[in-house]
1. For residue 72 and residue 244, what does the FRET efficiency come to when R0 = 45 Å and r is the distance between their Cβ atoms, rounded to the nearest 0.05?
2. Give me the distance in nm between label points sitting 7 Å out from Cα along the Cα-to-Cβ direction at residue 281 and residue 26, one decimal.
3. With a 1.4 Å probe and every protein chain kept in, tell me what percent of the accessible surface of the stretch 145-276 is carbon plus sulfur.
4. Find the accessible area per residue for the stretch 55-114; the probe is 1.4 Å, ligands and nucleic acids are left out, and the unit is Å².
5. In nm, what is the difference between 0.36 nm times the number of residues separating residue 207 and residue 192 and their Cα-Cα distance?
6. Roughly speaking, what is the stretch gain from residue 253 to residue 45, that is 0.36 nm per residue apart minus the C-alpha to C-alpha distance, in nm to one decimal?
7. For residue 161 and residue 59 in one chain, what is 0.36 nm times their gap in residues minus the Cα-Cα distance, to one decimal in nm?
8. Per residue, how much accessible area does the stretch 144-237 have with a 1.4 Å probe, in Å²?
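The values are calculated or read from the model by the stated rules, or taken from the named source; none is laboratory data. It should be emphasised that the depicted structure is a prediction, and the values quoted were computed from it without experimental measurement. We place every Cβ from the backbone using ideal geometry, glycine too, and count neighbours over all the protein chains shown. The accessibility values were calculated without ligands, DNA or RNA, using every heavy atom of the protein model including side chains. Shrake-Rupley method; radii C 1.70, N 1.55, O 1.52, S 1.80 Å.
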Amino acid sequence: MEFLYTRQQMEGFKGYQSKVKIGNWSEDLELEAAKLKSYLMKKERGELKCTQAEDRFAHALQPAALNPRSNDGYVHFGDIIMLFNQATDGCLACDPQEPLQEGTFATTSTWYTEPCSRNTFQIVPWQGRGDKKDAMFDFRDDIVHFGQKIQIKVNPSLGANESVLASYPRTPTSFSRYSRNLEVVMQDKNNWNSVWEVQYLDPQFKMEMEGQAVPTNAPVALLHCGTHQHLASDVIKYRNDYGTEYEVFGKSFSEVVKGQLGVRERTMLGDCNRWCFVTAIPSEGGQE
């Protein structure tokens, strides 16, 4: 009986090429030609994995302009901003190519602090039904105020169907990947899970500051209205296609202090809960 393959080839040895004319070299030659033809076709259509990854990174990391409506030093609705975290020295970012549950994708705190499509967001007001505290204030201007309900929407240049920042209560199937805290994602649904409240950082003066304008480049806290936990990020490594970034989750970092009647003893929130609305990147000369 004549064998078409050598003993080494039947045992899985791949050392022989078609030009050696050993074994079934004619079939190997045709297979190489078919692979080359398939490669050239995918390259022409842009279907190669390396080409898709290059296009994806180019789209997500394309430069974005921070466009404040005014230079009065306050955050305005419609501004394209960046959210910097004090604990990680990074900024909030999202990745539409990393889906989690249905209609949601991942968020992280990235070390890449140059304004681009994935780390810039738009501040929009919440148009739905609020709570009893909303009846206390009648905001008619476009400035963001402490105690006001807002939504944080992705940059329109990213093309993520106007997804907004959201969080969910922790369940056996829904939690942050590494810290097991409340999961923070970007979702395409516009509901109460995507509503946040800007709070003054010092809880002793939080009530006095409600209704005041939110300044830029100043630390604030973002309270999730659905779970009453603050937006947080810590130095917890989160590995994705952009390298090693940090996890974003929902948790209030504050010490439990026994209250005393007539005495304000509450401490400030931790560094993980401190965020800054940045509307302009300082230049090399130190001026914005």
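1. 0.75
2. Taking the simple label geometry, residue 281 and residue 26 are separated by 6.2 nm.
3. So the carbon and sulfur contribution to the accessible surface is 50 percent.
4. Counting only protein heavy atoms, the per-residue value for the stretch 55-114 is 47 Å².
5. Working it through step by step, the gained length comes to 3.1 nm.
6. The span from residue 253 to residue 45 would gain 69.9 nm if fully extended.
7. Extra length from residue 161 to residue 59 when fully extended: 35.2 nm.
8. 41
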